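Take a look at the structure set out below.
The values are calculated or read from the model by the stated rules, or taken from the named source; none is laboratory data. Treat the numbers as computed from the prediction; the structure is a model and nothing was measured. Methodologically, a virtual Cβ is constructed for each residue, glycine included, from the backbone with ideal geometry; neighbour enumeration extends over all protein chains shown.
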Amino acid sequence: MSKIEEKKKILQQKINRLKEKEAKVKLEERKQRTRRLIELGGLVEKATLSDLTVTQLFGALLKIKDQSNDIEILDQWAKDGEIAFNKNKGMMENEKPITLKFPSEPDASVRKKLRSFGMRWNSVRKEWEGIADPEVIKMNLGDIEMLLQEIAAA
């Protein structure tokens, strides 16, 4: 093998290593983008906007975009968001970890109420779970047949 062929082989190996690194960087960028999109979807759910149609939500986001150039508005949004996040961080006095089971799937309005209380559907266990005030849930769901269980601290 001549010196030129050896240099070509070494350069090709370097090119291949760079292509491999580039693929890893692209994969990491894609993962970060996916993580961000999931986070944004979670915020839409947390703000209880998931019942809006796609066009309604998009229209609202365009309004937000128009207002996002105003520093005062951004500061107010940041304060409001921080208050809302902090409000949801700790359990209120009567809130407890609970699960709810229904004999059949509750209708959309009941599911919406459950989500507004911070409850989430566990598809593995086939039950609703979350941290909420059991009495408030019983009062708001009225005569709907359900099994409400408080989860004991470990």
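Suppose the filter is over 21 Å from W128 (Cα atoms), touching a helix residue (DSSP H, G or I) at 6+ places or on another chain (Cβ under 7 Å), among the hydrophobic types (A, V, I, L, M, F, W, C) and surrounded by 10 or more Cβ atoms within 10 Å (Cβ to Cβ); does I64 pass it?
no
Residues checked against (1) out of contact with any Gly (no Cβ under 8 Å at 6 or more places or on another chain); (2) basic (K, R); (3) at pLDDT below 85; (4) not in a helix (DSSP H, G or I):
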{"position": "K31", "(1), (2), (3), (4)": "yes, yes, no, no"}
{"position": "D51", "(1), (2), (3), (4)": "yes, no, no, yes"}
{"position": "F58", "(1), (2), (3), (4)": "yes, no, no, no"}
{"position": "I64", "(1), (2), (3), (4)": "yes, no, no, no"}
{"position": "M92", "(1), (2), (3), (4)": "yes, no, yes, yes"}
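Residue-wise test of (1) loosely packed, with under 10 Cβ neighbours inside 10 Å; (2) touching a residue at least 60 places away in the same chain (Cβ under 8 Å); (3) not β-branched (V, I, T).
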site	(1), (2), (3)
G41	no, no, yes
E45	no, yes, yes
T55	yes, no, no
G59	no, no, yes
N69	yes, no, yes
E72	yes, no, yes
G81	no, no, yes
N94	no, no, yes
K101	no, no, yes
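In the stretch 130-147, which residues are under 25 Å from the mean Cα position of the chain (by Cα) and farther than 21 Å from D51 by Cβ?
I131, D133, P134 - these are the residues of the stretch 130-147 that are under 25 Å from the mean Cα position of the chain (by Cα) and farther than 21 Å from D51 by Cβ.
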